[in-house]
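Values in this text are rule-based calculations from the coordinates and carry no lab data. All values derive from a computational prediction rather than experimental measurement. Cβ atoms come from the backbone with ideal geometry, glycine included; neighbour counts cover every protein chain shown.
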Ligand code: NAD
């Protein structure tokens with residue numbers, strides 16, 4: 001039955017796209033006041049549905065209501081507020097300085113929506129990571145087809161209902177389904193694709209859209225290092241790391257993946273982690289209302305497999321019937337172990353040590369460019385050196401995860417953790433082609449550029465020197 005519905009939906013995909021294309025071609029999405037009016041209506045509806053959003057996320061993976069508000073609904077509401085406040089200004093043609101070579105002219109950057117946008121979203125922050133790119137694309141005047149994740153079906157349904165109430169399908173359509181729906185969508189020609197998910201699927205997406213040369217943003221993952229210098233405030237570091245690692249049960253693309261702590265601070269740091277884990281989740285985190293579950297059996301088994309043969313310092317308990325994995329800390333796993341081979345994406349935190357900076361470099365250098373990097377140190381020269389030296393999407397000193405919350409910072413990866421960025425004005429820019437326009441005057445026509453060129457080269461060089 002489910003498969004039948006999916007097939008029907010997928011057969012509709014070309015129809016949805018042609019209706020969106022026809023709508024875009026009418027030019028109606030260029031109406032900025034209308035865009036703002038619709039985004040305001042969307043904001044009001046999300047505010048009204050806050051309870052349903054929380055319930056859906058709880059059904060999907062027992063995400064605590066507080067976490068849902070802080071990391072999903074609040075982020076979207078404040079993003080909407082920011083966009084609504086600034087959109088008129090952003091959407092105006094931007095006047096820029098002219099080139100003397102074109103004198104006289106007035107030059108502008110026009111904000112041109114790409115057209116029909118495809119957004120493919122993951123399950124881990126299923127509301128935020130689906131809705132945020134969609135509102136960026138709509139603010140910029142595009143139409144959107146969104147495919148939320150099949151792994152978080154309750155949230156995906158709430159998202160579909162919300163968009164359906166505000167936008168007609170020729171402006172926003174939500175297509176439900178899994179890999180086959182994605183594949184079907186990727187066979188179509190889009191004007192922009194925004195993908196959030198894993199590196200291997202990112203590669204599939206990049207390959208699928210290459211024949212049409214479709215511009216894209218790829219928001220992928222990676223193995224995020226978290227370095228703890230011997231000058232760091234250890235208790236505070238442990239408190240912030242426990243929060244950022246175990247929120248969403250560790251299923252966070254920018255969570256610290258592994259710790260690199262200075263050998264002299266290892267014991268102190270492990271003790272502090274123990275204290276902070278029990279302060280946050282009690283003696284048995286299984287009964288904590290502040291701790292989520294793993295999204296599904298497949299992901300649970302993958303994570304459980306990473307614990308096999310490892311020395312567990314904290315946690316390690318699992319319960320398949322509840323998809324529960326305790327906040328877990330591992331002692332110096334081998335760099336060849338399963339847990340160090342790939343992005344963990346769960347509540348398992350390996351602790352490795354270093355004595356010399358060269359050892360940090362050696363370990364970080366084993367992995368492709370991460371999405372995030374964190375450094376804890378009171379020694380500012382050390383943290384500055386680390387922040388400048390390595391290539392990573394974004395990060396923080398003396399904290400984890402928090403850079404995502406600032407709308408003035410672009411959020412995105414580099415190298416194999418992806419390309420492009422969004423949030424705030426960066427979202428608007430991501431979904432906007434910057435069209436350069438030179439408006440020439442006709443009251444005069446400078447003769448320099450026209451043939452015959454005889455004698456003009458020297459003259460041009462003289463003028464250049466004068467400027
Ligand atoms: P995923 O790559 O498995 O799935 C993402 C989307 O792609 C889903 O909608 C899914 O249906 C679709 N998809 C899956 N397989 C496909 C295929 N073969 N062809 C076409 N489409 C396919 O990722 P996930 O498991 O949902 O999310 C976890 C990953 O996403 C982690 O690696 C994490 O680091 C990354 N992530 C990155 C960010 C970021 O902002 N950079 C945010 C969240 C998650």
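For segment 327-467, what class follows from the C-alpha gyration tensor (a ≥ b ≥ c being the square roots of its eigenvalues): rounded when a/c is under 1.5, otherwise prolate if a/b is larger than b/c, else oblate?
Values: a/c = 3.37, a/b = 2.57, b/c = 1.31.
Prolate is the answer for segment 327-467, as a/c is 1.5 or above and a/b outweighs b/c.
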Query raised in the report: Going by average Cβ neighbours within 10 Å, how do the peptides 122-129, 161-168 rank, with the highest at the top?
Result: 122-129, 161-168
Report task. Calculate how steeply helix 380-389 sits against the longest principal axis of the alpha-carbon atoms of the chain, using the helix alpha-carbon long axis, and give the answer as 0 to 90 degrees to the nearest 10. Result -> 60 degrees
Requested in this report: Write down the percent of antiparallel bridges among all DSSP beta bridges whose residues are both part of the chain, to the nearest 5.
Outcome: 35 percent
Requested in this report: Would you give the gap between the C-alpha center of segment 43-65 and the C-alpha center of segment 91-137, rounded to a whole Å?
Outcome: 30 Å
Query raised in the report: For the peptides 228-238, 82-92, what is the packing order when you average, over each peptide's residues, the other Cβ atoms within 10 Å and list the highest mean first?
Result: 228-238, 82-92
Query raised in the report: How high is the FRET efficiency between residue 26 and residue 78 when r is their beta carbon distance and R₀ equals 35 Å, given to the nearest 0.05?
Result: 0.65
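Please find the FRET efficiency linking residue 62 to residue 212, where r is the Cβ-Cβ separation and R0 is fixed at 60 Å, and quote it to the nearest 0.05.
Details: r = 40 Å, r/R0 = 0.67.
About 0.90, to the nearest 0.05.
Provide the percentage of antiparallel DSSP beta bridges, counting only those with both residues in segment 219-365; round to the nearest 5. Let's see the in-between values first.
Values: 4 of 16 bridges.
Beta bridges within segment 219-365, antiparallel portion: roughly 25 percent.
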Report task. For segment 57-133, compute Rh as the Kirkwood radius over C-alpha pairs and then the Stokes-Einstein diffusion coefficient at 10 °C and 1.306 mPa s; write the answer in µm²/s, rounded to an integer. Result -> 99 µm²/s
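Report the gain in length on full extension from residue 312 to residue 463: 0.36 nm times residue separation, minus Cα-Cα distance, nm rounded to one decimal.
Details: separation 151, 0.36 × 151 = 54.36 nm, distance 7.28 nm.
Stretched out fully, the residue 312 to residue 463 stretch lengthens by 47.1 nm.
Would you mind classifying the chain by shape? Square roots of the alpha carbon gyration tensor eigenvalues, ordered a ≥ b ≥ c; an a/c under 1.5 is rounded, otherwise it is prolate if a/b is larger than b/c and oblate if not.
On the way: a/c = 2.24, a/b = 1.40, b/c = 1.60.
The shape class here is oblate.
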Query raised in the report: On a 0 to 90 degree scale, rounded to 10, what angle separates helix 456-466 from the longest Cα axis of the chain?
Result: 50 degrees
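Residue 274 to residue 94: extension gain in nm, 0.36 nm per residue of separation minus the Cα-Cα distance? Could the numbers behind the result be given before it?
On the way: separation 180, 0.36 × 180 = 64.80 nm, distance 5.37 nm.
Using 0.36 nm per residue and subtracting the Cα-Cα distance, I get 59.4 nm.
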Query - With Cα atoms, 0 to 90° folded angle of helix 199-209 axis to the chain main axis - result: 20 degrees
**Report entry** Per-pair calculated FRET efficiency, R0 = 41 Å: residue 449 and residue 381 via Cβ, rounded to 0.05
**Finding:** 0.20
